[in-house]
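Asks: My structure is below; once you've seen it, I'll send some questions.
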Ligand SMILES: [Zn+2]
């Protein structure tokens, strides 16, 4: 217990020292609007609410991560099961994104890349990466686990099923 508290405190120090440009927004004059995706920043959070007063133009952290190709989340899918059911699995993953993005504008998929031995999905947020892992595990069982890194600012999710 004590150990965990100590670790968390250390993380916070690191985070304070090295400001995360994708999370700690430059102080924006609210409401602000992302000129790429039209997400609105108001009362300290991003929403899809339309705001006529949003005159400050900016680029939201999700759009910046997408254009920099700098993911916060990685989901790695392995095993033969994927090869046999990739259409259903990708539908499930896209549904997770649709739901997640509606509630949290900064949680999106950046890319899905398939190779012979694995499929990797990169995301703009850590929340959606976990949601994808949970949905795979709930729908198809298999082995699911995840690991935070970088003071919980990034996450790697693993899901594997062989048959
Ligand atoms: Zn945006």
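Asks: Go through the stretch 66-77 and give me each residue that's at pLDDT below 95 and touching a strand residue (DSSP E or B) at 6+ places or on another chain (Cβ under 8 Å).
Replies: Across the stretch 66-77, the qualifying residue is only 69.
Asks: Could I ask something else about it? In the stretch 50-92, which residue that is in a loop (DSSP other than H, G, I, E, B) and surrounded by 13 or more Cβ atoms within 10 Å (Cβ to Cβ) is nearest to the ligand (Cβ to nearest atom)? Even if it seems obvious, please write down each step before you answer.
Replies: The first filter runs over the stretch 50-92 and keeps only residues in a loop (DSSP other than H, G, I, E, B), leaving 50-55, 59-60, 69-72, 79.
Imposing the further condition that a residue be surrounded by 13 or more Cβ atoms within 10 Å (Cβ to Cβ) reduces the set to 51, 54, 59-60, 70-72, 79.
Details: 51: 14, 54: 12, 59: 6, 60: 3, 70: 14, 71: 15, 72: 14, 79: 34 Å.
Among residues in the stretch 50-92 that are in a loop (DSSP other than H, G, I, E, B) and surrounded by 13 or more Cβ atoms within 10 Å (Cβ to Cβ), the one nearest to the ligand (Cβ to nearest atom) is 60.
Per-residue answers, yes or no, for (1) touching a residue at least 60 places away in the same chain (Cβ under 8 Å); (2) surrounded by 14 or more Cβ atoms within 10 Å (Cβ to Cβ):
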{"position": "105", "(1), (2)": "yes, yes"}
{"position": "115", "(1), (2)": "no, no"}
{"position": "121", "(1), (2)": "no, yes"}
{"position": "128", "(1), (2)": "no, yes"}
{"position": "145", "(1), (2)": "no, no"}
{"position": "152", "(1), (2)": "yes, no"}
{"position": "163", "(1), (2)": "yes, no"}
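Asks: Would you point out which residue out of 28, 106 is in contact with a strand residue (DSSP E or B) (Cβ under 7 Å, 6 or more places away or on another chain), within 16 Å of the ligand (Cβ to nearest atom) and modelled with pLDDT of 95 or more?
Replies: Selected residue: 106, the only one of 28, 106 that is in contact with a strand residue (DSSP E or B) (Cβ under 7 Å, 6 or more places away or on another chain), within 16 Å of the ligand (Cβ to nearest atom) and modelled with pLDDT of 95 or more.
Asks: Determine if the stretch 153-163 includes at least one residue that is assigned to a strand (DSSP E or B) and closer than 30 Å to residue 42 by Cβ.
Replies: Yes, there is a match, as at least one residue in the stretch 153-163 is assigned to a strand (DSSP E or B) and closer than 30 Å to residue 42 by Cβ.
Asks: Only one of (1) farther than 30 Å from residue 141 by Cβ; (2) modelled with pLDDT of 95 or more; (3) surrounded by fewer than 16 Cβ atoms within 10 Å (Cβ to Cβ) fails for residue 37. Which number is that?
Replies: (3)
Asks: I'm trying to understand the selection: among the residues of the stretch 33-49, which are within 11 Å of the ligand (Cβ to nearest atom) and in a loop (DSSP other than H, G, I, E, B)? Before you say what the answer is, go through the steps one by one.
Replies: Our first condition is that a residue be within 11 Å of the ligand (Cβ to nearest atom); within the stretch 33-49, this holds for 33-41, 46, 48.
Listed by number, the residues that qualify are 35, 36, 37, 38, 39, 48.
The values are calculated or read from the model by the stated rules, or taken from the named source; none is laboratory data. Bear in mind that the values here come from a model prediction, so they are computed numbers and not experimental data. Neighbour counts run over all protein chains shown; Cβ positions are idealised from the backbone, glycine included.
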